[in-house]
Amino acid sequence: MARSQRVRLGDLLVKAGLISQAVLESALQEQKRTGRRLGRILIDSMLVSEEAIARALADQLGLPFIDLKQTEIDPDVLRLLPEQYARRLRILPIALLRDGRLLLGMADPDDLYAYDEAVRLTQRELQIAIVTESDLLSAFDRLYRQTDEIHNYARAIEQSLKDEQGTFLEWMQVEAGAPDAPVVRLIQTIFEDAVQARASDIHIEPQEKKLVIRLRIDGVLHAQAEAELTVTQAIAMRLKIVSGLDISEKRLPQDGRFQIKVKDKSLDVRLSILPTQYGESIVMRLLNYDASLLDLDRLDMPADVLERYRRIIARPHGLILVTGPTGSGKTTTLYASLASLNSLERKIITVEDPVEYRLPGVMQVQINDKIDLTFARALRSILRQDPDVILVGEMRDAETAQIGLRAAITGHLVFSTLHTNDASSTPVRLIDMGTPRFMVATALQAVLAQRLVRRVCPYCARPYTPTPTERQWIAAMGHQDHQDWRIGTGCTHCHHTGYQGRLAVHELLEMTPELALAANHDDPKTFLQAAQAALAGRSLGHQALRQAAAGLTTLQEAMRIGYEV
C-alpha cells in the first residue's frame, strides 16, 4: 500500500454519524484549550469508543481493521521489528502476506515518519491495518518478551568471566559498581520480563549442566530462559549485594529483601537463597503492592459470604482464622480485612514473618529468630501495647496459639492463619496442637478457608462439553450438567495455557453455639460432622463448581479443588 491520505478525524466521525457537529465543535474547543488529541478527548468523554473511531477510519481509507485481542502473531514476524522501534513508532508487525508484504498495525495511519521508518527497518513493502491505540500498547507488553536479551546478557557474563584475569570477587567488585554491567542488566531484564508476564515468583535453578530460569504465572511454573552454569555465581553475588546479605556465605540458606524499579514502578522483592548440589538456588517473590487490591469487595467472595464475613470481623473480640496452603491468597485476605478496620479509633498491631506489605497507620513487627524474637515472644509484648486488633502471621505452635486465644478471650480481635485443608478441620487442628478445647470453643469466631483457581482466558475461551467422569462428579456434587462450561484453547494473551489470572474460592464456617458445644466434645468426629453439615452446599468444592458453571474457570480446576479438600 502507498502512504495513506490524510483525513480530518472530526469530519469523518460526523459523516459516519458517530458524533454531531455540535459535539465536534465542543471537542475542538477543548483541543485548542488543552492541546490534547481530538480522538482522545472524545474517548475520555465517553462520546465515542476507541474501536468505533478506528473502524470508521479504516472504512474511510479502505484499510482493514484488526482486533489485536483476537489476533495470533507469529514470534518470527515480531522479530522483523525490534521492540524499541515498535514502541517508539507505535507500530506492530502482524503477519507476512503471501505476496511478501508485511502487514503492519498502526493506530495513526497519518504518521508518515513511522511508515517510512518501518520500510527502512524491515526492508519490506507494507500493508497497513488500523488498530486501536490501547490494543497496540497492550500488545507490546504481551508479545515482546525479553528472552533474547536475557540470553545475550548471560553470554556477555560468560565471556567476561573467561576474560577476567583476577579472582571472581575482584571481578564482581568491578561489576557491582557499574550500572550497565551485564550481570546488572541481566537481573533487570529478568525482572522486566517477569512483570510483563504477570509472574508472582522468579526461580533461578542451577542444574547439572545448565542454569534454568522459570517464572510462576497463575500458580504454574513456565520456562523463561536457560544459561551456562557459570552465570549462577554472578547472579547470586549481585542479589546478595543488593539484599545486604553475606556474600561470602555459600553453605547456609539466606533470606533477604530489596526493592527494584521496573518500568517506573517500585517493586518489593523477597529473596530466598538455598545451597544445592550444583550451586545456590534462588527464589524471588514479587510483592507488587497495590492499595486497591486491599479491598474486601475485590476478593471474589460470594455476596452472602462477604456479608457474613464483614459482620464477623466487626465484632470487638474473638479469633478469626484464614486457612489454606501456601500461595492461596491468605495474606491478601488478611491485609484487606485489616484495611477495612483501619481507623484512628483502633490500634492495630501485626507480628509477621515476613512483613510483606506496609500498611499506613498499622504497627508491624518483623519476626527475627536469630535474636529469639518469635511469634510467642512478640505477641506477649504486643498485649502490653493496648491493641484493639492483632494480626499473628501464623499459628506455628501451641504456645503462639494459646497466647492468641487468650488475647481473643480478653477483649482483642485476633486474626491469624493456619495450614489446614478446609474450614471444618481447623478447630480440630488447634486442639491437636495442644490448645485446650474450651479455649477453642470460647474464642474462635470463624474460619475462612480459601483456594485460588485459574481463570479461563477471555480471549480464547470456548464452550466445553464435560467428559463422562466430569459429569459423574458434577452429579455427585448435586449440580446439573446444562451449564455454561468453558475452556481456553490457548493464545498469546495467556501464553498458550488457556488461563489468564486467578480468582479465589472461599468457604466460611461461623462458630455458632451448637458448633462451639461440638468443639468442646471429646470425640473430634462430633465437631467434624456438625461443621460439614453447616457447610453443606457451600464448601470449597461447591464454590469452585459454581465458578466453573458461570464460565469463570474450568471444570478441571474445580475438580482439583473438590478432590483436594
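Scan around Arg538 for amide H atoms under 5 Å from its own, H built in the peptide plane at 1.01 Å from N, and keep only partners 5 or more places away or cross-chain.
Amide H neighbours of Arg538, under 5 Å, 5+ apart: none.
For a quick check: with amide H placed at 1.01 Å from N, whose amide H comes under 5 Å from Trp485's, ignoring anything fewer than 5 positions away on the same chain?
Tyr464
When the Cα centres of region 368-395 and region 442-483 are compared, how far apart do they sit, in Å?
A separation of 38 Å, based on Cα centres.
Using a cut-off of 29 Å between alpha-carbon atoms, which lysines can reach Lys265, once sequence neighbours fewer than 8 places away in the same chain are excluded?
In chain and number order, the partners are Lys69, Lys240, Lys330.
The chain: percent of C-alpha pairs farther apart than 39 Å? If you can, show how the numbers build up before the last one.
Numbers: 70938 of 159330 pairs.
So the pairs more than 39 Å apart make up 45 percent of the total in the chain.
State, to one decimal in nm, how far the label point of Asp99 lies from the label point of Lys261, with both points 7 Å from Cα in the Cβ direction.
Placing both labels 7 Å along Cα→Cβ, they lie 4.8 nm apart.
Please give the helix 555-564 orientation as an angle from the longest Cα principal axis of the chain, in degrees from 0 to 90, rounded to the nearest 10.
Helix 555-564 sits roughly 20 degrees off the main axis of the chain.
Report, largest value first, the span of the C-alpha coordinates of region 382-483 along each principal axis, in whole Å.
59, 31, 20
What is the local net charge at Pro302, summed over the other residues whose Cβ is closer than 11 Å to its Cβ (Lys, Arg +1; Asp, Glu -1)? Provide the component values of the computation, followed by the final result.
Values: positive: Arg308, Arg538, Arg546; negative: Asp300, Asp304, Glu307, Glu507.
Neighbourhood net charge equals -1.
For a protection proxy built on the mean count of beta-carbon atoms within 10 angstrom, sort 437-449, 92-104 highest first, please. Before the final figure, lay out each step's value.
Working: 437-449: 21.6, 92-104: 17.2.
The most tightly packed comes first, giving 437-449, 92-104.
Counting each pair of different Cα atoms once, what's the Kirkwood radius of region 431-565 in Å, rounded to one decimal?
Working: mean 1/r = 0.0602 Å⁻¹.
Taking every pair of different Cα atoms in region 431-565, averaging 1/r and inverting gives 16.6 Å.
In terms of the ratio Rg/(2.2 N^0.38 Å) built on C-alpha atoms, what value belongs to region 377-436? Display every interim value, and only then the final one.
On the way: Rg = 11.5 Å, N = 60, 2.2 N^0.38 = 10.4 Å.
Against the empirical 2.2 N^0.38 Å value, I get 1.10 for region 377-436.
Tell me which trypsin sites (Lys or Arg not before Pro) from region 17-88 have a DSSP coil assignment and no more than 16 other beta carbons within 10 Å of their own.
Hits after loop and neighbour filter: Arg36, Arg37, Arg79.
Ignoring ligands, DNA and RNA, what accessible area per residue does region 1-101 give at 1.4 Å, in Å²? Kindly include the intermediate steps, with their values, before the conclusion.
On the way: 6170 Å² over 101 residues.
Roughly 61 Å² per residue, with all protein chains present.
So what's the Cα pair-distance distribution over region 1-155, bin width 10 Å, in %?
Pair shares across the bins are 10, 37, 32, 16, 5, 1, 0.
Divide, for region 222-367, the radius of gyration over alpha carbons by 2.2 N^0.38 Å, where N is the residue count.
Details: Rg = 19.1 Å, N = 146, 2.2 N^0.38 = 14.6 Å.
In units of the 2.2 N^0.38 Å rule of thumb, it is 1.31.
Angle between the Cα long axis of helix 231-243 and the longest principal axis of the chain, 0 to 90 degrees, nearest 10?
Helix 231-243 and the main axis of the chain meet at about 70 degrees.
So what does Val77 come to for accessible area, using a 1.4 Å probe and Å² rounded to 10?
Val77 exposes around 10 Å² with every protein chain in place.
The values are calculated or read from the model by the stated rules, or taken from the named source; none is laboratory data. Remember, predicted model here, so these are calculated numbers, not experimental data. With ideal geometry, Cβ positions are generated from the backbone for all residues, glycine too; neighbour counts draw on all protein chains shown. Side chains included, ligands, DNA and RNA excluded: accessible areas come from the protein's heavy atoms. Shrake-Rupley method; radii C 1.70, N 1.55, O 1.52, S 1.80 Å.
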